[in-house]
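Where a number appears in this text, it was derived from the coordinates with a stated rule and is not lab data. Every value quoted in this text rests on a predicted model; they were computed, and no experiment measured them. Reconstructed Cβ throughout: ideal geometry from the backbone, glycine too, with neighbour counts over all protein chains shown.
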Amino acid sequence: MAKQKIDKDRKIFEDVFDSLTVRTLEKLKSKKHFAAISGIIKSGKEGQVFNAIQDDDTQVAVKIYMIETSSFQNMQDYIKGDRRFFSIGKNKKKLVYAWCAKEYRNLKKAYEVGVSVPNPIAFLGNILIMELVSDNGQPAKHLAKTELDNPKQMFDMVLSEMKKFYFDAGLVHADLSEFNIIVRDGKPIIIDVGQSVLLNHPMAKQFQRRDVENIVNFFNKHKLDIDSEEILNEFEK
């Protein structure tokens, strides 16, 4: 079945990506991490996410970080202070590669302790392959675009995942909002964890405050009355 899917040929990739990215895609394909690219899920200045299939028709997501257009300063702010990436320096390609590796490691760390995140499969260079989170056969919607029948119940589930991410995985998301949470079967899944930092990062507390305030502000727009300071105190226990 996978062989019958429409694959993007080398010329199409070369029209969009540099030759190094094309070669990296081919290496990941040769290792059977995916068989064919079947469509695009999300496109942005700093990266693109594609829907792909494996030989057994399992769907996966292929995330490609754009080396030339990625924001060097924004990435560096989250890399600095992370002991896992002290030797990166200011080389942009190395920084983007480190960012990709960082997202894979953060996903793996979170997934292994039971946080609801996509299962990471492989990474190489500026390309990350992970589980495609789908809902009713389509890529799962962001929380921002999900109709909430019970906002309090959803908030409680999101807070539970945030606590597991913090206490069990030892990470702060550092960019959490209704746009970095998707919903499958009525349950939240945290995504986009490339910028996530360890708890000993010098900015961890500041990032955690911003995450909590973003989530509280979103749910308070749904007629809840949540005190962000009370929620922040729960991360001090």
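Values for this structure:
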{"read-out": "Relative packing of 20-29, 139-148, which averages over residues the other C-beta atoms within 10 Å, highest first", "value": "20-29, 139-148"}
{"read-out": "Förster-model FRET efficiency, 35 Å R0, residue 148 and residue 57, C-beta, rounded to 0.05", "value": "0.60"}
{"read-out": "Net dipole in debye of segment 157-237 [+1 Lys, Arg Cβ; -1 Asp, Glu Cβ; about Cα centre; nearest 20]", "value": "140 debye"}
